[in-house]
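**Q** Mind having a look at this structure? Questions to follow.
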Amino acid sequence: MAKKANEVNENSNMSKSKAKREAQRKEAAKIRKQRMVSKVVSSVILAVIALLILFAVGKQIYILAIRTTPSSDYSAGLSADGKIENTNVLSALSLVDYENISIPEDEVNATDEEVDAEIDSALEAYKELSTDETLEIVDGDEVNIDYVGTIDGVEFEGGNSEGAGYDLTIGSGSFIDDFEEQLIGHKPGEEVSVEVTFPDDYGDDEVAGKDAVFAVTINGIMKAPELTDEFVEVNLADSEGVSTASEYRVKIENDFYEEHLEEYLTNYIIDNSTVNTYPKKYLKHIKALLKNGDNMGSDIEDEIEYEKELTERAQETVKEAMVYQAIAESAGLTFDMEAYTEENGEDYVESMKESYGEGYIAQSEVRQMVVDYLMDLYR
């Protein structure tokens, strides 16, 4: 029995020793595996970092390659007669048939609403103070008032207009809350008692948070005159070249027609022409001009997106320049700098040349010549 017990103990010890060795082996294997995983993870991280660095470097190189350098040279890329250098615009552009445009009357004729608004605006300049006692103050009216303010029956500093008259637009919020509203519905010549409470945070401690009463005298309401033949003869005959109210209205209608027609034509010739090939050098220059106008420097958040947007704007600008030049060439319109100088004076022209250059001046004038040419075609 003793022998068997010893054998059992020995076997037990051997099992424990074996188990211990097996545990050590597993632990060693676990450590090796962890080290291997750590190496793999480290390698992946290093690879990702390397890729990010390469991407950042590549992105920076790309940005440097596409970055536009600002320029203020308006005439760069233009010849002295205002044409885009080394560019045959008639072949680089599919030009709209500008001589056969159908003009929709409803888009160019003046509307009664805009004519009335323009006349009302003109009459506003001739407003006068009316003391007509049949008039009532409404929100938005300009009134002239005098007032005396008291708190507990005692006048306070700054609360008296001293009879000088004060111009107030109802609803402007110039006076404390509810003052202006209490004048609505009253008439010139009336005396109105206006009760208010100064705000607690009012700048003057003497009156802040206190109730006050203003004795207000309404001196009059500013009113625009009516459009009559007499008014036109006195005020508009010389400046507008009309002598009656109906003539003035017709003139306003014609002015709007001219404005709408020009807008329609200039939009139409651009929208219905197609650029086949952009002049790369001039497009690059226009981008430089636009960036200079944007005054953009290191504060650009996304330079790639900005350059994309800049290119799109430059293409629109270049397209317009190409369309106007193509119409000018097709219609035989040319710019004469000598005639331009004679008309505007040498000092002015020299100043313009210094600021913008001869090419830009010519291009701008050719554009206006094209607009005038189109307007003459469709009036």
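**Q** Grab the beta carbon distance between LYS308 and VAL371, set R0 = 35 Å, and tell me the FRET efficiency rounded to 0.05.
**A** The value I calculate is 0.70.
**Q** Next question, about the same structure. Quick one: net charge of GLU128's neighbours, Cβ under 14 Å, K/R +1, D/E -1? If you can, show how the numbers build up before the last one.
**A** Numbers: positive: LYS127, LYS223; negative: GLU124, ASP132, ASP141, GLU142, ASP167, GLU226.
My count for the surroundings of GLU128 gives -4.
**Q** Please compute the length gained on full extension between ASP347 and VAL234, using 0.36 nm multiplied by the number of residues separating them and subtracting their Cα-Cα distance.
**A** 36.9 nm
**Q** Measuring from centroid to centroid over Cα atoms, what is the spacing of the stretch 77-154 and the stretch 238-279 in Å?
**A** Taking the Cα centre of each part, the stretch 77-154 and the stretch 238-279 sit 13 Å apart.
**Q** Right, something else. May I ask you to derive the FRET efficiency for ASP132 and THR169 from their Cβ-Cβ distance with R0 = 25 Å, giving the value to the nearest 0.05? Could the numbers behind the result be given before it?
**A** Values: r = 19 Å, r/R0 = 0.75.
With a Förster radius of 25 Å, E is 0.85.
**Q** Contour minus end-to-end for ASP204 and GLU85, with contour as 0.36 nm per residue of separation and end-to-end as the Cα-Cα distance?
**A** 36.0 nm
**Q** Quick one: accessible area per residue over the stretch 179-297, 1.4 Å probe, rounded to a whole number of Å²?
**A** Numbers: 6660 Å² over 119 residues.
On a per-residue basis, the stretch 179-297 sits at 56 Å².
**Q** So if we plug the beta-carbon distance of GLU247 and ASP106 into 1/(1 + (r/R0)^6) with R0 = 25 Å, what FRET efficiency do we get, rounded to 0.05?
**A** Values: r = 25 Å, r/R0 = 0.98.
For GLU247 and ASP106, the calculated efficiency is 0.55.
**Q** Give, in nm to one decimal, the length gained when the segment between LEU123 and ILE66 is fully stretched (0.36 nm per residue of separation minus the Cα-Cα distance).
**A** Result: 15.0 nm gained on full extension.
**Q** Among the listed pairs LYS280/LYS308; LYS127/LYS210; LYS251/LYS353, which have their C-alpha atoms separated by more than 25 angstrom in this model?
**A** LYS127/LYS210; LYS251/LYS353
**Q** Kindly list the residues of the stretch 158-179 that lie in the label zone of GLU190, defined by a backbone N under 15 Å from the point 7 Å along the Cα-to-C-beta vector.
**A** Output list for this probe position: 170, 179.
The values are calculated or read from the model by the stated rules, or taken from the named source; none is laboratory data. Predicted model only: the values in this text are computed from it and were never measured. Please note: Cβ atoms are built from the backbone with ideal geometry, for glycine as well, and neighbour counts cover all protein chains shown. When the accessible area is computed, the model is the full protein with side chains, heavy atoms only, and any ligands, DNA or RNA have been set aside. Shrake-Rupley method; radii C 1.70, N 1.55, O 1.52, S 1.80 Å.
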